[in-house]
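The values are calculated or read from the model by the stated rules, or taken from the named source; none is laboratory data. Just so it is clear, the model here is predicted, and its values are computed rather than measured. Using ideal geometry, Cβ is built from the backbone for each residue, glycine included, and neighbour counts are taken over all protein chains shown. All accessible areas refer to the heavy atoms of the entire protein, side chains included, with ligands and DNA or RNA removed. Shrake-Rupley method; radii C 1.70, N 1.55, O 1.52, S 1.80 Å.
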Amino acid sequence: METVLEISGLTKLYKNGRGIFDINLNIYKGDVFGFLGPNGAGKTTAMKIMTGLMLPDSGDVKIFGHSVLTEFEKAMNKVGCIIETAESYPYLSPYENLKLFARFYDDIDNSRIDEVLELTGILKFKNEKVKNFSLGMKQRLGIAAAILSKPELIILDEPLNGLDVEGMIEMRKLIKMLAENERTTFFISSHLIHDVELTCNRIGILYNGKVVNVDTTENILKNFASLENYFVSEVGKNGNV
Amino acid sequence: MGTFKAAFINEVEKIYRKKKVVVAAILSLLAIVMGQLLVTGVNKGFGLITASSTQFPILVLSLLVNTILPLFTALVAIDVFSGEFSHNTMKITLTRPVSRVKLYTAKISAIAFFVLANLLMVMLLSLAVGFIFNSVSLSVFGILRIVLSYIVTLIPVMSFALIIVFLSNVLKSGTTVFFLSIILFIAFNALSLVFPRYANIFITSMFDWYILWNVDTIPLGKLIREFFIMAGYVIMFYTAGYYMFDKKDL
């Protein structure tokens, strides 16, 4: 199995004593990895370090064999991501936003921009200013930006934030379609356990800044009635829910 | 180089798409109008010729470089750094395959591009106005001096801009940086008046560096000395600003 993302000994401690401690994790090609954890467990911190937004106190993250600390451009070349919130420039249209992002990659033409806008359902708004968009539409644009360069690894922090039920179903379909047809690897954090259960094939649980368990969804569902039961059980072993 | 070019084009596009640049352009044009009104008023009132067609652009430059240009350079520099941090849009570019050193340099290059574009626009318009409204004294040498005066002004303005860039990477609030920049601008000007012997240390006193390029015998020693002081400012604040930018957690 080809390792796409390798997290080793990742530690980041905040002044308030919280943070992440010695996280070790391998994500393999074709994984749709669900990163679960209660609020404040350290999911976003880990994802920020993975994408170069934050420096760790110690440890390293390698993406396709390249360290994000020392070979950032190579590491991020085949990565698309949304971290914390899907941001875009409000004074530009979705089309203009994507045009800006496209400049960082080779071979992204206007038809690819239209294609991702169509996939995320905002093609008809392509020339409207983003400042007039709802949270859900901004989230769709964020996802369009994340998949624009046909990345081999997509890191999504709460990708369903702000989406309505229809949007959630469409996003789930999109993730499954990309994972099956393009063999895209996903690293997804979400607090929507049911959605993670339906979308992800491997699950990792982060609690109090530590990875407490990693297993396949198939295995988990053999032993537990639902992912929620598994989550409660794993978190219960390590503290209180 | 490819990613630097992409980052630079994006930064220029972002600056150009904001209303501040339009306001800067309008106010710069206002500097030309004010300059022309001043010249016309003195000409008519006293029967004097105060500015020939080649002197007029220099008069406008002196107005521009001590008022509108530093103000809008500060606003653009703050927008490019503090503005993006506070609106959370900095992470859009930081999560693309471009290193922080390239992004930082691209942002500063975009600010320099804005300053230069502003200077060149005012230069061309003031030359045109000079030819139309003032007495004609066209010479290639005179025009070359005007072009040189406008272009060399980029250096002191960028030295000041890099101080603002550094502050934008140290302080969280763009408003605080803006007021601090104004205080700094006033303080530097006041200190260079109180301590004229040390005026060169206070960078704003070098905004009229173009004057040294515009005299009959160029004072080479003074010109080089002032250039090295500005280069010192540029190196110090570029490096310190980058250190802060690189270490910043989002």
### Summary
Residue hits (segment B:171-186; surrounded by fewer than 16 Cβ atoms within 10 Å (Cβ to Cβ) and in a helix (DSSP H, G or I)) are B:T175, B:T176, B:F179, B:I182, B:I183, B:I186
### Query
Is it the case that some residue within segment A:205-221 is over 13 Å from the mean Cα position of the chain (by Cα), under 23 Å from A:I83 (Cα atoms) and assigned to a helix (DSSP H, G or I)?
no
### Message
Taking the criterion of being under 29 Å from A:V235 (Cα atoms), part of a helix (DSSP H, G or I) and not small (G, A, S), would at least one residue in segment A:152-166 satisfy it?
### Response
yes
### Message
Give all pairs with beta carbons closer than 7 Å in which a residue from segment B:1-28 that is away from chain A (no Cβ under 12 Å) meets a residue that is part of a helix (DSSP H, G or I) and polar (S, T, N, Q); count only pairs at least 6 apart in sequence or on separate chains.
### Response
B:A24/B:N118; B:S28/B:N118
### Message
Among the residues in segment A:53-65, are any acidic (D, E), in contact with a strand residue (DSSP E or B) (Cβ under 7 Å, 6 or more places away or on another chain) and within 12 Å of chain B (Cβ to nearest Cβ)?
### Response
yes
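Yes/no per residue for (1) aliphatic (A, V, I, L, M); (2) within 14 Å of chain A (Cβ to nearest Cβ); (3) in a helix (DSSP H, G or I):
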position	(1), (2), (3)
B:I155	yes, no, yes
B:F166	no, no, yes
B:F188	no, no, yes
B:S205	no, no, yes
B:G221	no, no, yes
B:M230	yes, no, yes
B:D246	no, yes, yes
B:D249	no, yes, no
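What strands (runs of 3 or more DSSP E), lying completely within segment A:31-136, carry at least 2 residues that are buried (at least 20 other Cβ atoms within 10 Å of the Cβ) and touching a Cys at 6+ places or on another chain (Cβ under 6 Å)? Talk me through it step by step, then tell me what you get.
Details: elements: A:32-36, A:58-63, A:79-82.
Answer list for segment A:31-136: A:32-36.
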### Query
Among B:T73, B:T105, which is of a type in the set (S, T, N, Q), open to solvent by 10 Å² or more (accessible area, probe 1.4 Å) and modelled with pLDDT of 90 or more?
B:T105
